[in-house]
Amino acid sequence: MAVVELLQREYGYVVLVLVLYTFLNFWMAFQVLKARKRYKVFFPNLYALESENKDAKLFNCVQRGHQNSLEFMPLFFMLIALGGLKHPLFSSVLGLIYTVSRYFYFTGYSTGEPKNRLKIGRLGFPALGGLAICTVSLAINLLLK
C-alpha cells in the first residue's frame, strides 16, 4: 500500500502550508539579497560591521529576520509534518498562523527596530506550541496502540 493512501485526505493542507512557507523563505532570501546591494554588504560577510558601515543596523535587522526564520524552520517543518499526521486540519491552521506571523516577524525586524518583529510576529510562538501538542498527541496515540 502506498504511503499516500495511508494519509488522511486533509494532510494535503499540511503539504500546502509547507510549500507556502518555502515560498516565504525564498522571498525573505531575496529581500536579504536586495538589502546586500542597497547597504553594500558583500559576500562572504554574513553581517555588516557598524564600524565600517553606517547602515549596518538596517542590514543586520533584515539578515537577522531571515536567519531567525531559518533557525526555526527545521523545528516548524518537523512539528507540522508529524503533528499533521494525527491532526491535519488543526496543524494546517496553526502552520498558516505560524507562516503569516513569520512574514510579520521578518517585515517588522526589517524596519531596523528589532522590537517591531514581535507586534504580530509573536503569534508564531503559540502556534509552534500548538504544533508541539499535536505532535505529542500523535506520539501518545502511537504508544497506546
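Each reported figure results from applying straightforward, stated rules to the coordinates on display, with no laboratory input. This structure is a prediction, so every number in the text was calculated from the model and none was measured. Ideal geometry is used to build each Cβ from the backbone, glycine not excepted, and the neighbour counts take in all protein chains shown.
Quick check: is even one residue across segment 57-74 closer than 17 Å to Thr111 by Cα, outside any helix (DSSP H, G or I) and among the hydroxyl-bearing types (Ser, Thr, Tyr)?
Going through segment 57-74, the residues closer than 17 Å to Thr111 by Cα turn out to be 57-69.
Those left that are additionally outside any helix (DSSP H, G or I): none.
No, segment 57-74 contains no residue that is closer than 17 Å to Thr111 by Cα, outside any helix (DSSP H, G or I) and among the hydroxyl-bearing types (Ser, Thr, Tyr).
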Q: Determine the pairs where a residue that is over 21 Å from Asn116 (Cβ atoms), located within segment 40-66, has a partner that is assigned to a loop (DSSP other than H, G, I, E, B) and small (Gly, Ala, Ser) with Cβ atoms under 9 Å apart, the partner being 6 or more residues away or on another chain.
A: Lys40/Ala48
(Q) So, in segment 75-88, how many residues would count as being surrounded by fewer than 20 Cβ atoms within 10 Å (Cβ to Cβ) and under 19 Å from Tyr103 (Cβ atoms)? (A) 2
Q: Name every residue in segment 17-64 that is surrounded by 12 or more Cβ atoms within 10 Å (Cβ to Cβ) and aromatic (Phe, Trp, Tyr), in order of residue number.
A: Tyr21, Trp27, Tyr39, Tyr47, Phe59
Q: Read through the list (1) touching a helix residue (DSSP H, G or I) at 6+ places or on another chain (Cβ under 8 Å); (2) part of a helix (DSSP H, G or I); (3) free of Cβ contacts under 8 Å to residues at least 24 places away in the same chain; (4) polar (S, T, N, Q), then give the number of the only condition that Thr99 fails.
A: (3)
